[in-house]
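The next block holds one structure in the form of structure tokens; read it before the comments.
The values are calculated or read from the model by the stated rules, or taken from the named source; none is laboratory data. All values reported here derive from a predicted model rather than from experimental measurement. FYI the Cβ positions are ideal-geometry reconstructions off the backbone, even for glycines, and counts take in every protein chain you see.
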Amino acid sequence: MGIKKAEEFEVNFVQDLKRLLASYLSTKGQPSVGTETLTALVNKVANIYTGKKFATGTTTTGSEISFAKSASGTQTSSTVTVTGLTFLPSFIIIKGVTNNDTHAIYDARFSSTYAISNTFSKTASTSGGISFRLQSPAVVNATSFVLPFFGNGSVEWIAIE
């Protein structure tokens, strides 16, 4: 096999691999064609959806405002505001760092009437909780959330698609 033939074989082999990779990427939801550069095809691998997205972080509670309680009326509570999400959360847990006996949970599977729960435990005999409605100012969307939280200071959160 001459040099020219070996080069042709190599070019054809790489092109066949690119077509195969493009086909696999397309079946995984990444539209691709074999005429794209190898770099472009390889970069699409990172965009393959492999399961639920999630995000975590730490933030500080905001000012106290009134949130609608599940039963009726309102309750003044601190706010936890997170921005920069790239998905719509179906489940959010917020845990106090400063007040580590306090947590809030948002669960999209529940009715918006009682989708947010806040609980606290000061001592074995002093604990409680309130359910809140998912209505303004409480908000959960594809880029951010604002939820009530009992307590002030630093909190850790996790949001799951």
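Tally time: how many residues in the range 25-54 are part of a helix (DSSP H, G or I) and either of a type in the set (Lys, Arg) or in contact with a Gly (Cβ under 8 Å, 6 or more places away or on another chain) (or both)?
Step one: of the range 25-54, the residues part of a helix (DSSP H, G or I) are 25-27, 38-45.
Still in the list and also either of a type in the set (Lys, Arg) or in contact with a Gly (Cβ under 8 Å, 6 or more places away or on another chain) (or both): 44.
Final tally of qualifying residues: 1.
Residue-by-condition table, conditions (1) acidic (Asp, Glu); (2) modelled with pLDDT of 85 or more; (3) over 25 Å from residue 161 (Cα atoms); (4) in the same structural domain as residue 85 (by TED's automatic domain parsing):
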position: 8; (1), (2), (3), (4): yes, no, yes, no
position: 12; (1), (2), (3), (4): no, no, yes, no
position: 17; (1), (2), (3), (4): no, no, yes, no
position: 22; (1), (2), (3), (4): no, yes, yes, no
position: 26; (1), (2), (3), (4): no, yes, no, no
position: 32; (1), (2), (3), (4): no, yes, yes, no
position: 35; (1), (2), (3), (4): no, yes, yes, no
position: 38; (1), (2), (3), (4): no, no, yes, no
position: 41; (1), (2), (3), (4): no, yes, yes, no
Looking for something touching a helix residue (DSSP H, G or I) at 6+ places or on another chain (Cβ under 7 Å), hydroxyl-bearing (Ser, Thr, Tyr) and surrounded by 14 or more Cβ atoms within 10 Å (Cβ to Cβ) - is there at least one such residue anywhere in the range 25-34? yes
Kindly evaluate residue 120 against the criterion of being in contact with a Gly (Cβ under 9 Å, 6 or more places away or on another chain) and either assigned by TED's automatic domain parsing to the domain that holds residue 28 or in a strand (DSSP E or B) (or both). yes
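From the residues in the range 76-90 that are assigned to a strand (DSSP E or B) and surrounded by 14 or more Cβ atoms within 10 Å (Cβ to Cβ), which one is farthest from the chain's Cα centre (by Cα)? Even if it seems obvious, please write down each step before you answer.
Step one: filter the range 76-90 for residues assigned to a strand (DSSP E or B), giving 76-83.
So of that shortlist, the ones also surrounded by 14 or more Cβ atoms within 10 Å (Cβ to Cβ) come out as 77-82.
Values: 77: 24, 78: 22, 79: 19, 80: 15, 81: 14, 82: 11 Å.
Applying the filter and picking the extreme gives 77.
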Filter the range 55-73 down to residues that are surrounded by 13 or more Cβ atoms within 10 Å (Cβ to Cβ) and part of a strand (DSSP E or B), then give me how many there are. 8
